[in-house]
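The values are calculated or read from the model by the stated rules, or taken from the named source; none is laboratory data. Just so we're clear, the structure is a prediction, and the values are computed from it rather than from any experiment. So basically every Cβ, Gly included, is an ideal-geometry build from the backbone, and we count neighbours across all protein chains shown.
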Amino acid sequence: MNIFVRFWTIIKSHVNAWIDRIEDPERAIEQSIRDMQKQVERLRGDVINVIADEKQLKNQVEKYQQEITRWEKNAVLALKEGNESLAREALKRKREAEDYTEQLHPQWEQQKRLSARLKQDYHQLRERIQTAQRKKRNLVMRFRHAETQKRLQGMLNELTTNQVFEKFEDKLLNVEAMNAAQEELNAPSLEQQFEALEAKPDLGLDRELEALKERLRLHA
C-alpha cells in the first residue's frame with residue numbers, strides 16, 4: 001500500500017467520524033476538505049523530493065554517457081596522432097564512465113518509475129479533493145432537505161397524536177348541538193302553526209268588500 005492509499009484511508013475514516021457526530025454539515029465538510037488540502041501540501045513536498053532525486057540521477061547518467069562519447073573521441077584522436085599510450089588512458093576513462101553508467105542507470109529507471117507513479121497518485125488525489133469541493137454544495141443541500149423533512153414529519157406525528165385538537169373538535173360539536181337544540185325549542189309547535197294559519201285575514205272577504213264598494217260608486 002503506497003503513501004497515497006494510506007493517506008486516503010485515513011482521510012475517509014476521519015470523514016466518517018465527522019458524519020457520525022455531525023451537527024453543522026457545511027462546517028464539517030469544509031473542515032474535512034481543509035484537512036485534506038493540508039495533508040496534500042505536506043505530501044507534495046515528498047513528491048517533489050522524489051522527482052528531484054530522479055532528475056539528479058538522470059543528469060548523472062547523461063553526464064557519464066557524454067563522458068563515454070568524449071573519451072572515445074579522445075582515444076581515436078590519440079591514435080591518429082600515434083600516441084597509443086594516451087589512447088589507452090582515454091579508453092580507461094571511457095570504461096570508468098561506462099561502469100558508472102551501468103551502476104546509475106538501473107537506479108535512475110527505478111526512481112523514474114517511482115516518480116511517475118507518485119505524480120499520478122498526487123494528481124488523482126488533488127482531483128478527488130476538487131470533486132469533493134464540487135459535491136460539497138449538493139451534499140449540504142441534501143442534508144438540509146433531509147433534516148427539514150425529518151422535522152416536518154416529527155411535527156405531523158405530533159399533531160396526529162396531540163389530543164388538543166380532538167378536545168377542541170368535541171367542544172365545537174357540543175356547542176353546535178346546543179345551538180340546534182335551542183333552535184328546536186324556539187320553533188313553534190304544531191298547534192301554534194295551525195293557529196297562525198287560522199289567524200290569517202280572509203282574503204276572499206276583503207275582495208268581496210272591495211267589489212261591493214265599487215258597485216256603490218257606480219250607482220251613485
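Overview of values
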{"read-out": "The stretch 56-91 - residue that is in contact with a helix residue (DSSP H, G or I) (Cβ under 8 Å, 6 or more places away or on another chain) and of a type in the set (V, I, T) and, of those, farthest from K112 (Cα to Cα)", "value": "V76"}
{"read-out": "Meets criteria (of a type in the set (V, I, T), modelled with pLDDT under 75 and under 30 Å from E30 (Cα atoms)) for T160", "value": "no"}
{"read-out": "M36, sole failed condition from (1) more than 20 Å from Q111 (Cβ to Cβ); (2) at pLDDT 90 or above; (3) not aromatic (F, W, Y)", "value": "(2)"}
{"read-out": "Number of the exception - E109 against (1) modelled with pLDDT under 90; (2) out of contact with any helix residue (DSSP H, G or I) (no Cβ under 8 Å at 6 or more places or on another chain)", "value": "(1)"}
{"read-out": "Neighbours by Cβ (under 7 Å, 6+ apart or cross-chain): first from the stretch 91-105, farther than 18 Å from K73 by Cβ; second polar (S, T, N, Q)", "value": "L104/Q60"}
